[in-house]
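**Student:** Sending over a structure as structure tokens; questions will come in a sec.
Any read-out appearing in this document is the output of simple, stated calculations on the displayed coordinates, not a laboratory observation. Treat the numbers as computed from the prediction; the structure is a model and nothing was measured. For neighbour counting, all protein chains shown are included, and Cβ atoms are generated from backbone atoms with ideal geometry for every residue, glycine included.
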Amino acid sequence: MDEVGARARRRRSPWNLLLIPGGLISFATLWVGSIVLLGRLYAWRHEGSVVTVLPDNLAGSLMALAAFFMWIAPALVLGNCLVWLVPAARRVLDDEARSHPGTSFLESNRDLIRLALWVAPPTGALALAVALI
């Protein structure tokens, strides 16, 4: 926990606050989009069932939960990329990361992509399987 506190203390720039909406907007877009697609796939596979977005049963809950975990790391990568597109934010965040190995834009995204490669395939497969079964 000490490392987390130290990291929070060194990130003093207001530009860091852009990471929050960047990640949240990316996550919400990916998650809601996948829920809509999974719900349509479920309705197509289960003809006669009335589905507005997701079914009101255990299958709907499992699809929503699996999609939730599937998109966390990719949304954070996308949020980092969106903030990186702002030149002033990029300069400040790069300066903050320079003195702390492993916290640069590339290293952070590399680690998040590694996490996504472990989490997204099984959770995506679960969501898809539930929609089809």
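**Student:** When only Cα pairs under 8 Å and 6 or more residues apart are kept, what is the percent relative contact order across segment 2-132?
**Tutor:** That works out to 35 percent.
**Student:** As a test of the formula, what do you get for the chain when each DSSP H run with n ≥ 4 contributes -39,500 (n - 2.57) and the sum is divided by the residue count, at 222 nm and rounded to the nearest 500 deg cm²/dmol?
**Tutor:** Details: 5 runs with 103 residues, N = 133.
Calculated at 222 nm, the ellipticity per residue is -27000 deg cm²/dmol.
**Student:** Sticking with this one: So what is the relative contact order of segment 64-133, in percent, for Cα pairs below 8 Å that sit 6 or more residues apart?
**Tutor:** Values: 44 pairs, mean separation 37.3, N = 70.
Once normalised by length, the contact order is 53 percent.
**Student:** Can I ask one more? Once the Cβ-Cβ distance between Asp56 and Ser104 is put in as r, and R0 is 30 Å, what FRET efficiency do you end up with, to the nearest 0.05?
**Tutor:** Values: r = 45 Å, r/R0 = 1.50.
For R0 = 30 Å, the calculated efficiency reads 0.10.
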